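Quick note: the coordinates plus some simple rules give every number you see, no bench work behind them. If you're wondering where the values come from, they're calculated on a predicted model, not measured in any experiment. Quick reminder, even Gly has a Cβ in these numbers, built from the backbone with ideal geometry, and neighbours come from all protein chains shown.
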Amino acid sequence: MKIKIKRLPDEVISKIAAGEVVTNPASVVKELVENSVDARASKIEIQIRNGGKSYIKVSDNGIGMSTEELTLAVQRYTTSKIETLEDIYKITSFGFRGEALASIAEVSRLLITSSNGEVSGKLEVVGGKVVRISEAFRERGTTVEVYDLFFNVPARRKFLSSEKVEARMVTEMVERFLVALPSVEFLYKIEDEVVYFAKPSRLSDRFSTVFPEVREFREFEEETSFGKVRGVISSPQYCRKNRTGQMFFVNGRFVLDSLLNSALERGYGESISHGGKPYAVIFLEISPDRVDVNIHPQKLQVKFSDAQGVYNEIIRVVRDQVRKFPGFTMFVERPTSDLSSDGRQVGRVDYADGTLSDIGATLREGATSVSEKSVVSRAPDSAGPWGDVPSTLERPIFKTVHSVNQLPYQAPYIFADVLSTVPANYLIVKERYVIFEDVDGLAIMDFHAAHERLIFEKLKTRQFSSSRLLIPVEIRLSKSMLDTLRNLERELEALGFEFSMENDLVKVTAIPSLVKVTEVKDILTELLDDYRLPFDKPETVLHALASKACKAAVKTGDKLTGAEIEQLLKEVRSRGFLTCPHGRPIVMKIKFSELDNFFGR
């Protein structure tokens, strides 16, 4: 019988090995920049053409190589990073296998020019074969130029993406290095156009460079049970629909780990809307013997000796940092002048029956109201810098300014324990927002969202009792929903519900004290409907109930006493609430500095 198993030719083996390390231009840039960093470079220049498919250059001012080291560098398994097997388990450098240059050389036309400060040389390699070694003259450092990637592997080249897509992936790779190495100067060009020129700076500066859309973020550093966690996280108001704004580094090395992403998002909890992905750059500094970096060809994945402990610590650290955000912040842009070049006014906004000066005087005097009628008009034939402003506003701009001693309405308290102190002046707008002065700006609170979150937290922490109903609430359910109710019966009873079932009729005789009787039917049917489907179920019944029970919160138009508003403010501040359970903001702040900038003060 003919033997079917045979040894592959060395040429095929080398191409397969190269394919594990080099998958696209971005992977080439990754390997070359990591080599530069390992060579202790403080300046790195990156340039690509045609998305990196035809040309990639990475140049540095590192320690460089001698001519003899140049010839060794393009051979497989030649490295200066490790010597023994034990060294693999205490890696502190980016590279260590000695595969990168050899793999790149196998599938491209490679030109390396290097100098160690004493000896300079140039090496040319085509398809893995050295074709020329010559003298060269340059300052200390190394320049690697990669031409015609995958020119000798047409099947692989055919599956490269378009020039724009490949360039975008290279840019994303460069951005990872920008935030990972703020002390290194980077110059990045696409064709001959400078995309990034980043001088050495702080992590927060690099974060702003890569994510300029994020205006509110926190830089932090904390010791944990496994080592140090540091980085930058965005305010919950800044999210993407995907995780492209999240970067994790383990001992300086970028890694992909969906559990790390999940731990980050769990740390944000209910402060982000469903599906929102916050921005974050997080560095984990762990003893090398507690993490294995040798489990992925491109070293993009790692394995922790205590994975669960790492994830739990990330959740805790992120949660602590998120609580320190003061709230959502509104940034205002100063409008352009309403005057033309010749001094003629091209747009105007008139405030009638309640001017700004009148409002200010009213606030100072502590009066109970400002004119109920506020009209805004504009010049009839010009939109002006304010845009298309309507000639009138049917609803008043400023409804009522209250001081607690002059409240027009006294309603039953929402809270069992109400503060005895009186709040400062505040402004109620559209019967749903409360505007008040904070330390560094004007704050706007949605009292419905704030009350929703308070109910949610009290249910989650079981700060409620069970209330018996004099008249049971009757609900008719389908067979599938009845089956779901039977499965959840014990958990619902533990939360304060009591009910009996007769055929398709359910009689609810007791409910949690935080749930309104009028909302029982809707809350229970929605909760059962969530659990009826075999997928996308809520984490727990308590979590689902808390989300549904927010229907009991005060609504737009409900009357609140000054003490109740003060209590809401106290709860929001002391608990660090940022959003309602559905991810909508509770408090929005306009900083005084932004107002000063807007008005040119």
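Things worth noting here:
- Rough spin-label spacing in nm, given labels placed 7 Å along Cα→Cβ, for Glu118 and Lys303: 4.2
- Label positions at Asp438 and Phe197, each projected 7 Å from the Cα along the C-beta direction, are separated by 3.9 nm.
- Length added when fully stretched, Asp205-Asp483, from 0.36 nm per residue minus Cα-Cα: 94.5 nm
- Candidates per GluC sites (Glu not before Pro) in region 158-206, loop by DSSP, up to 15 other Cβ within 10 Å: Glu191
- With a Förster radius of 35 Å applied to the beta-carbon distance between Arg490 and Arg316, the computed FRET efficiency rounds to 0.70.
- Cβ-placed point charges (K, R +1; D, E -1), dipole of region 202-323 about Cα centre in debye, nearest 20: 360
- Packing, as the average of other Cβ atoms within 10 Å across residues, places the peptides 33-45, 466-478, 145-157 in the order 33-45, 145-157, 466-478, highest first.
- Simple label model, 7 Å out from Cα along Cβ direction - Leu470 to Ser54, nm: 8.6
- Residues listed by number, region 167-183, amide nitrogen under 17 Å from Ser42 label point at 7 Å toward C-beta: 181-183
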